[in-house]
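Taking it in order: structure first as structure tokens, then the write-up.
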Amino acid sequence: FRRVLFRSWMWGQNDKGQLGNSDLTHRSSPTQVGSLTNWKQVSCGRDQTYAIKTDGTLWSWGHNDKGALALGDTTHRSSPVQVGSLTNWKQVDGGFNFAGAIKTDGTLWMWGENFRGTLGQDNQTDRSSPVQVGSLTNWKLVSCGSYQHAGAVKTDGTLWTWGRNYRGQLGIGDTSDKSSPTQVGLLTNWKLISCGEEFTVMVND
């Protein structure tokens, strides 16, 4: 029997504690975050970091402006703090002071700054705790951009985007912001999505 260890390593700017080492010291080489070996997935936002452990728990640390850490407050953290007590988180992605995550039940959740409808709630209210996007249970993958837009792929292969659309980054043929998920075209073979600053990249079969 071979035990697989999943350690977390970080480096770079650390002025907001985003490296998770309980300090604000910058690192120019990889430094392990604590001593735990059960990290499964990690994503970096602007000045925040999000991670999921093998036990399905969600963790965040770094700059907490607009409630970006999903901890119910706006207090910055320089070491990992668990988000709630749930153990069914599957995938997480960080953006510009906001983030999104998908649970194992296929539901989509967002939190943080809601400028231009970034959280997909059909409003512009910031949220410091995870809030569900609609009631659907067929979300597969979410990506959060570095300038207030997001996108996701469903299990049926359809592609959806929302938030700021100043440069047409939502891919819906215009430059109007959308505060709730809007389908991009009619194709059902989308596989991957990655949101940048004012652009989006998608891959299909």
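The values are calculated or read from the model by the stated rules, or taken from the named source; none is laboratory data. Because the structure is a prediction, the values reported are computed rather than measured. Cβ atoms come from the backbone with ideal geometry, glycine included; neighbour counts cover every protein chain shown. Remember, those area values only see protein heavy atoms, side chains included, never the ligands or the DNA or RNA. Shrake-Rupley method; radii C 1.70, N 1.55, O 1.52, S 1.80 Å.
Values for this structure:
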{"quantity": "Failed item, numbered, when Phe199 is tested on (1) more than 20 Å from Lys66 (Cβ to Cβ); (2) modelled with pLDDT of 95 or more", "calculated": "(2)"}
{"quantity": "Every pair of residues 6+ apart whose Cβ atoms lie under 8 Å, when the first sits in region 93-107 and is within 15 Å of Tyr147 (Cβ to Cβ) and in a strand (DSSP E or B) while the second is open to solvent by 10 Å² or more (accessible area, probe 1.4 Å) and among the basic types (Lys, Arg)", "calculated": "Gly94/Arg46; Phe98/Lys66"}
{"quantity": "Where Asn123 falls short, out of the listed (1) out of contact with any Lys or Arg (no Cβ under 9 Å at 6 or more places or on another chain); (2) closer than 15 Å to Val142 by Cα", "calculated": "(2)"}
{"quantity": "Qualifying position, being part of a loop (DSSP other than H, G, I, E, B) and over 18 Å from the mean Cα position of the chain (by Cα), among Ser35, Ser29", "calculated": "Ser35"}
{"quantity": "In region 100-134, the residues that are touching a Pro at 6+ places or on another chain (Cβ under 9 Å) and among the hydrophobic types (A, V, I, L, M, F, W, C)", "calculated": "Ala101, Leu108, Trp109, Met110, Trp111, Val133"}
{"quantity": "For Thr49: the one exception among (1) part of a strand (DSSP E or B); (2) surrounded by fewer than 19 Cβ atoms within 10 Å (Cβ to Cβ); (3) among the polar types (S, T, N, Q)", "calculated": "(2)"}
{"quantity": "Residues located in region 120-135, provided they are among the acidic types (Asp, Glu) and under 21 Å from Asn64 (Cβ atoms)", "calculated": "Asp126"}
{"quantity": "Qualifying residue in region 139-154 (condition: touching a Ser or Thr at 6+ places or on another chain (Cβ under 9 Å) and surrounded by fewer than 17 Cβ atoms within 10 Å (Cβ to Cβ))", "calculated": "no"}
{"quantity": "Scan of region 77-124 for residues that are open to solvent by 50 Å² or more (accessible area, probe 1.4 Å) and among the β-branched types (Val, Ile, Thr), ordered by number", "calculated": "Thr87, Thr104"}
{"quantity": "One residue from Lys191, Lys140 being at pLDDT below 95 and either in a loop (DSSP other than H, G, I, E, B) or not acidic (Asp, Glu) (or both)", "calculated": "Lys191"}
{"quantity": "Residue within region 2-25 that is open to solvent by less than 20 Å² (accessible area, probe 1.4 Å) and more than 30 Å from Arg164 (Cα to Cα) present", "calculated": "yes"}
{"quantity": "Gly67, sole failed condition from (1) more than 11 Å from the chain's Cα centre (by Cα); (2) open to solvent by 10 Å² or more (accessible area, probe 1.4 Å)", "calculated": "(2)"}
{"quantity": "Of residues in region 169-195 being within 24 Å of Cys44 (Cα to Cα) and among the small types (Gly, Ala, Ser), the one most open to solvent (accessible area, probe 1.4 Å)", "calculated": "Ser194"}
{"quantity": "Residue match in region 53-63 (condition: within 25 Å of Gly17 (Cα to Cα) and among the β-branched types (Val, Ile, Thr))", "calculated": "yes"}
{"quantity": "Subset tally (residues that are assigned to a strand (DSSP E or B), over 19 Å from Asn138 (Cα atoms) and polar (S, T, N, Q)) for region 79-92", "calculated": "2"}
